[in-house]
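Undergrad: Would you mind keeping the following structure in view while I ask a few things?
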Amino acid sequence: MLDEMKRELIAYRLNRAKECLELAEELIERDILTAANRLYYAIYYALRSVLAIEGVDFKKHSGVIAYFNKNYIKTGEFDKKYSELIFSTEHIRIKSDYDDLYVVSKKTVIYNLIEAREFYDEIKKYIEQKI
């Protein structure tokens, strides 16, 4: 059984993921790069909500992603297609943050949005089963 502080942290991170996902949905028509950025953070916070069940966290995004891939994707806990989603959204976020002339297609971001919604639902279901 999880203690109350851990439950609150999980709920907080899952709520952050939901807020970022909703914001990405709102922004998709007017600011594609910001929508893509929010998609990445929706996924990132969702990953951290799962890791909070174990009391695991990392200072770097790469640590969170590597741990999740190793302990949840490779073990079959989550479908391996989500590893591709994580990579895609992370790549777009990094490129859009650091490459001045980076352009991402709306089609790619819409596809990632659809996948991110599904992933969020899977994460939420997983957490509900664990707590």
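The values are calculated or read from the model by the stated rules, or taken from the named source; none is laboratory data. The model shown is predicted, which means the values in this text are computed figures rather than measured ones. Virtual Cβ from ideal backbone geometry, glycine too; neighbours counted across all protein chains shown. Just the protein is used for accessible areas: all its heavy atoms, side chains included, with ligands, DNA and RNA removed. Shrake-Rupley method; radii C 1.70, N 1.55, O 1.52, S 1.80 Å.
Undergrad: In whole Hz and in residue order, list the ³J(HN,Hα) couplings for the stretch 50-55 that follow from phi through the Karplus curve 6.51 cos²θ - 1.76 cosθ + 1.60, θ = phi - 60°; x for Gly and Pro.
TA: 5, 4, 5, 4, 8, x
Undergrad: May I pose another question? In nm, to one decimal, how far is the modelled label at residue 103 from the one at residue 87, with both set 7 Å along Cα→Cβ?
TA: It works out to 2.5 nm between the two label points.
Undergrad: In addition: Go ahead and set up a Gaussian network model of the chain, Cα springs under 10 Å, then flag whichever of 43, 73, 92 fluctuates most.
TA: Most flexible of the set in this elastic network: 73.
Undergrad: Is the stretch 36-84 best put as rounded, prolate or oblate by its Cα gyration tensor, with a ≥ b ≥ c the root eigenvalues, rounded for a/c under 1.5, and otherwise prolate when a/b is larger than b/c, oblate when not?
TA: Numbers: a/c = 1.68, a/b = 1.09, b/c = 1.55.
Oblate shape, in that a/c is at least 1.5 and b/c is the bigger or equal ratio.
Undergrad: Could I ask something else about it? Which of the following values of Rg and Dmax of the Cα atoms in Å was calculated from the structure shown: (i) 14.5, 49; (ii) 13.4, 41; (iii) 13.4, 38?
TA: Here the calculated entry is (i).
Undergrad: Enter the angle in degrees (range 0 to 90, nearest 10) between the Cα long axis of helix 106-130 and the first principal axis of the Cα atoms of the chain, meaning the one along which they spread out most.
TA: 10
Undergrad: Of 50, 36, 116, which is farthest on the positive side of the dipole of the chain, counting Cα position, with +1 on Lys and Arg Cβ, -1 on Asp and Glu Cβ, and the Cα centre as origin?
TA: It is 50, whose Cα lies furthest towards the positive end.
Undergrad: Under a 5 Å amide H to amide H cut-off, with H placed in plane at 1.01 Å, what residues pair with residue 104 once short-range neighbours are removed?
TA: So residue 104 has HN proximity to no qualifying residue.
Undergrad: Suppose a student asked you for the relative contact order of the chain, using Cα pairs under 8 Å spaced at least 6 residues apart; what percent would you report? Provide the component values of the computation, followed by the final result.
TA: Working: 133 pairs, mean separation 42.0, N = 131.
Relative contact order for the chain comes out at 32 percent.
Undergrad: Just check the stretch 90-131 against the gyration tensor rule for me: Cα atoms, a ≥ b ≥ c as the square roots of the eigenvalues, rounded for a/c under 1.5, and otherwise prolate or oblate depending on whether a/b exceeds b/c.
TA: Values: a/c = 7.24, a/b = 2.34, b/c = 3.09.
Cα axes put the stretch 90-131 in the oblate bin.
Undergrad: Right, next: First select every other residue whose beta carbon is under 9 angstrom from the beta carbon of residue 45; then total the charges, Lys and Arg +1, Asp and Glu -1. Kindly include the intermediate steps, with their values, before the conclusion.
TA: Working: positive: 13, 16, 18, 48; negative: 19.
Counting the neighbours of residue 45, the net charge comes to +3.
Undergrad: Now for a different question. For residue 111, what is the net charge nearby, where nearby means another residue's Cβ is under 13 Å from its Cβ and Lys, Arg count +1, Asp, Glu -1? Kindly include the intermediate steps, with their values, before the conclusion.
TA: On the way: positive: 81, 106, 107, 117; negative: 84, 115, 118.
Local charge sum for residue 111: +1.
Undergrad: Here's another thing I want to ask about it. Return one whole number: the accessible area per residue of the chain in Å², for a 1.4 Å probe. It would help to have the intermediate numbers written out before the result.
TA: Working: 7680 Å² over 131 residues.
Heavy-atom accessible area per residue stands at 59 Å².
Undergrad: Quick check: net charge around residue 19, other residues with Cβ under 15 Å of its Cβ, Lys/Arg +1 and Asp/Glu -1? Mind dumping the intermediate values first?
TA: On the way: positive: 13, 16, 18, 38, 48, 117, 124; negative: 22, 25, 26.
Surrounding charge for residue 19 is +4.
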